[in-house]
Structures are given as structure tokens and as C-alpha cells.
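The values are calculated or read from the model by the stated rules, or taken from the named source; none is laboratory data. Since the model is a prediction, treat every value here as computed from it, not as a measurement. As a convention, Cβ positions derive from the backbone with ideal geometry for all residues, glycine included, and neighbour counts pool all protein chains shown. Just the protein is used for accessible areas: all its heavy atoms, side chains included, with ligands, DNA and RNA removed. Shrake-Rupley method; radii C 1.70, N 1.55, O 1.52, S 1.80 Å.
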Amino acid sequence: MPTSLEQLTHWLAEPEGLRLEFKEAKNRYDFEKLLQYCVALANEGGGKVILGVTDRRPRRIVGTAAFDEPGRTEAGLHTRLSHRIPVEELRLPEGRVLVVHVPGRLPGTAWQIDGCYFKRAGDDLAALGDAELKTIFAETGPDFSAETCPGAGLSDLSPAAVALFRERWARKTGDDRKRQWADTETLTNAELLIDGQLTYAALILLGTRAALGRWLAQAELVFEYRSSDASGPAGDREEYREGFFVWQDALWDKVNLRNEKQSYQDGLFRMDLLTFDEVPVREALLNAVAHRDYRLGGSVFVRQYPQRLEVVSPGGFPPGITPANVLDQQNPRNRRLAEALAKCGLIERSGQGMNLMFETAVRQGKALPSFAGTAAHEVRLSLDGKVSSPAFVRFMERIGEQTLRSFSTDDFLALDALHREQPLKDSLKERLPGLVAAGAVEAVGRGKGTRYMLSKALYAALGAKGTHTRKKGLDHETNKALLLKHLSNQGQEGAPLAELRQVLPALPSSAVQSLMNEMRKDGSVFLEGQRRWATWKLSAYRVYKVEDL
């Protein structure tokens, strides 16, 4: 809900506490500092950063020139923190005010930026202490993956898997010294070995088949290939009960074995798209391994169909996570496991993997990933492999790779919704001005009646420029038809302009007036009377005076 003047006035009178942070920022404000304050406020339950206001009471509005593109700032915050943080601009007589609405962290999680967990400390920021972090992480219960497995030893791990983990970690950090570490040193530094005891995370990532069968049999992934949805035995089935680093590449090879190419023509060039792109498939598998509930006895199932891939993992979403906010909120169930995967660059602890799945689907003209069928006991993720709109793929290509790299996930989702002619959520509507500036979207009309549609380039890619013209002009003619229908219903009585505005409430008065003037010029209507007594009527009801004949 937009901030009202009354609400802002109330905030200005409040003492600056855990939930409010005021900054003058007359000319500029450091983006890195804004990130840190967002992290601190979120860790303390959420709050507001208000720019353009004096810090000391009685506070007054002085105006700010910082972050002149709030939408771009919001996108930058989302990119760095992977949380939706609305940035609201208020244009007031005293000056421009920005309100950054920071949500609170979810139970059992803490926000961080570049590995630093901040909190407020008077007028400054400080790092959360180890004891504070431990208390936060324990809010949703202990981390199963960080617990040690009694009886398990180094012989239960695959030496090749440990070596691969160490190599990826060294490559990710650019630190060649890690390559010289012994296995014990590698595991200890990754917190996979605690006081000489192996954690369950170590077994899940690096364990041998015999070790998992003995200590953690549910840490298993079952692959099935089915040519249709019909019940019965799978056409291919394989069980992977070893550490993730042992089988991750083998499973992708299994999916890729039946990964057909879909071809489309773009002028003289023939372009091919794989049904299952490697990036979202690997991200879906990592998501299942990292976030499933290992306290439950079921296995992860990966079911491949000719044009669909399903990943079913035991345990529902973690507390606070739903299909609606999965792109904006993170609450890792197995923190130690996620940290180990992040060390070697396989996942981002900020949750970027899910964003990549959605962005790839949009860029390749496929349906968005679906969580249909998810319940309290399991998460179902479905990746659709069918390229439903080759023309949209060509359109995305023509935007240009450099521009696409600057897009946020919400930018891609807004383009997808416009392409499918679906209504946009408020958070996506906020992305539209930036997309217009990038040349991907064009605005039709003005003010409250502004509509948005994909740019003419899409219809040029389709070879259907006429369709673009028709869509662009459709509402204009429809609006005129609605006005004529209302006048027809009114008969000889006609209707004043104020009444006609009720027919098209989304349009400003000037736009309705313009439509009526157009119809007056073509002879459809006429205006009778003057000023506030003037009424519009259909020309069929016009009575001509003798002197007019």
C-alpha cells in the first residue's frame, strides 16, 4: 500500500529505533551502505530506510536527489540480496522522499551481504556475534546436515569425490593453496568434519554407496524415464545412492541422452534449442539435494518425459516459503550442506538458482517452472521443455545479450506476462518503465489509462506488423464503441462529459474529451449546449433549426 502523508508524518515524529532509519542524503547516498542497512533492519525484524529527511527531531523534509531511478535501485537490491525490497518515491511540496521498505527475515535465517551479517549499533552498524547467529539459526530447530554421524569415518567417503570437492573450492576462490590440503584438512576447513567426526552433510555430498546404505539410506535419488504419463514400469530406471559429487555429472548425462533439439528458422539462420537446458536441470537437482528433509525416509525422484522433467523431494517447503514467494525468500533447511555447496560454486547461498530456472524458461519461450502438486510432505517441481513460442525466443535474441544481462528476474517475468497477455502483479508493473527505456516494451496512451505491450520488434520477428497495429489500436476503437453504446442507451437525453467519464474510469477527462471530439469530426455525435450544461448526443437525435437548412 502506498505511504500516505499521514503515515510519513507519524514516522517523522517517531524516535529513530530498530525499525526506522532516517538519512538526509540531499545529493547522493552510497548504495553499499544502503545494502548494509537493509541487511541490519531485516535481521532486526524489518523496517524503513527514509531518505530526504533530517536525522534529528524535530525532523523536517529536505528532499533527496539520491537514486533518481527507484526501479533500478530496487532491482539492484534484489540482485545483491535476493529479496524483494520495495523502493517508494514520494513527491512532496517540501521535496522528494524515498522510502525503502525492508521486510523482516524469516525464522531461522539471517540476511548477509558479502558474508557479513549486520545489525544496528546506535548510529552505526555492527556484525552479529556468533552467539546471536547461533540463536537465530536454531529458531527452526537444529540443522540435521550439521549433526555428526556416530560411527562414520573417513573410509566412508569417496576419495575421488573429496578431490573433486577440493578442486572446485580452489577454483571458485582462486586459491591454489587449497589444492595442497590433505583430505582431513579439506573436510575440517569446510566444517564437514567436526572434532574428528563426519557430519551428515559430508556423507550426503561425498559418501560411498556402502556408507550411505549403512548410515543414511534415504540420501538417494531415483531417476526414471517415461515416454508417457501412463502408469506402469518406467522405460529406464536407475538409483543413485552415493555422494552427490559421485553422480551429479552421470545424472545430467542420463537426462541428456534423450534430450531432443527443437529447431526454428530465423531468416536464413536455423536455430536449435534443447528441450532440457543444462542450467535449470542442474539447479533443480541441486535444489532437491540441498533442501530436502533428510529426516524423512523417502528418496528424491527425477522423472523425465519427452517434454517435461519432474523433481519430487521429501519434505514440504521450509517455514515461510511458498510457491508465491520462492523467488524472493530463502530459508535453507540444511544450512551446512548449502554452505559446502556454495564454497565450491555449485549454488549461491542467496538463492539465485531458482531465479535462473525462471529466467531461462522465459528466454527460451517455455512455460514457467511449476510447483503444482506440492504438499506438506513433498515439493514437486516441474520444468516444461516445450518451446511454445519460437517468435518470442527470436524477440529475446533481438533485445541483445548485453541488455538481457542487465534484466532482473522480475523484468523477465513482466515480459513473459505481456507476451502471454496475462495480468501483471504490482511488483511487475513497477518494472515496465525500465523495460520501455530498454526498448523491449512500448507504452500506449497516457496517465492512468496507459497500457503496455511488447515492442514492434516482436511482431516484426513474427512477420506480423499488422497484428501489432491492430493490438495497439484495438482499445482506442473499443473505447469509442463503449461511449457510443452509452449514448445510444441515453437516447435523446444524451450525457454530459462527467457521465461519459464513468463509462471509461481508467481514462483521464482529457482522453475522453479527445475521443468525443474525434467522433464529432466524423459525424457520429454532436455537442448540445455550453459549459457545464453541455451534453453529448448521437447525431441521429440532432434536431436541425430552419436557419441551419
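Over the residues of the chain, the helix contribution to mean residue ellipticity at 222 nm works out to -11500 deg cm²/dmol, using -39500 (n - 2.57) for each DSSP H run of at least 4.
At 4 °C and 1.567 mPa s, what whole-number value in µm²/s does Stokes-Einstein give for the translational diffusion of region 1-158, with Rh from the Kirkwood sum over Cα pairs?
Using the Kirkwood radius from Cα pairs, D works out to 75 µm²/s.
With respect to the chain, whose longest principal axis is taken over its alpha-carbon atoms, helix 509-521 is tilted by about 50°. Of all DSSP-defined beta bridges confined to the chain, some 85% are antiparallel rather than parallel. Per atom type, the chain shows carbon and sulfur on 50% of its accessible surface, probed at 1.4 Å. Estimated at 0.36 nm per residue, the fully extended path between Arg451 and Gln7 surpasses their Cα-Cα distance by 156.8 nm. Between helix 390-399 and the chain there is an angle of about 90 degrees, using the helix long axis and the longest principal axis of the Cα atoms. Annotation for Asp176 and Glu397: the two label points, set 7 Å from Cα along the Cα-Cβ direction, are 4.2 nm apart. If you take the Cα centroid of region 474-536 and the Cα centroid of region 392-454, the two points sit 32 Å apart. Per-residue Karplus couplings for region 195-202, computed as 6.51 cos²θ - 1.76 cosθ + 1.60 with θ equal to phi - 60°, are listed in order as 6, x, 10, 6, 7, 5, 4, 4 Hz, Gly and Pro entered as x.
Taking 0.36 nm per residue of separation and subtracting the current Cα-Cα distance, fully stretching the chain between Arg531 and Ser227 would add 102.2 nm. Summary of the geometry: region 291-345 and region 98-173, compared by the centres of their Cα atoms, lie 17 Å apart. Take the Cα of Thr148, step 7 Å toward its Cβ, do the same at Asp183, and the gap between the two points is 1.8 nm. Using 1/(1 + (r/R0)^6) with R0 = 60 angstrom and r between the beta carbons of Asp249 and Thr478, what's the FRET efficiency to the nearest 0.05? According to the calculation, E is roughly 0.60.
Hey, with R₀ at 51 Å, roughly what FRET efficiency would Ala131 and Ser524 work out to, going by the Cβ-Cβ distance, to 0.05?
Working: r = 77 Å, r/R0 = 1.51.
Computed FRET efficiency for Ala131 and Ser524: 0.10.
Report the residues of region 58-102 in range of a label on Phe31: point 7 Å along Cα→C-beta, backbone N strictly under 12 Å from it. Inside the label zone: 67-81.
Over 19 Å apart at the Cα level, from the set Lys480/Lys537; Lys23/Lys429; Lys48/Lys425; Lys33/Lys119; Lys23/Lys48, are Lys23/Lys429; Lys48/Lys425.
Using only Cα atoms, what is the ratio of the radius of gyration of the chain to 2.2 N^0.38 Å? Intermediate values should be presented prior to the final figure.
Working: Rg = 29.6 Å, N = 549, 2.2 N^0.38 = 24.2 Å.
Dividing the Cα radius of gyration by 2.2 N^0.38 Å gives 1.22.
Under a 5 Å amide H cut-off, with hydrogens placed 1.01 Å from N, Arg308 pairs with Gly385 among residues at least 5 apart or on other chains.
Could you do me a favour and compute the accessible area per residue for the chain, 1.4 Å probe, result in Å²? Please list the in-between numbers first.
Numbers: 27260 Å² over 549 residues.
For the chain, the solvent-accessible area averages 50 Å² per residue.
Relative to the longest principal Cα axis of the chain, at what angle does helix 465-490 sit, 0 to 90 degrees, rounded to 10? Roughly 50 degrees between the two axes.
Projected label points at Ser427 and Arg270, each 7 Å from Cα along the beta carbon direction, are separated by 4.2 nanometres.
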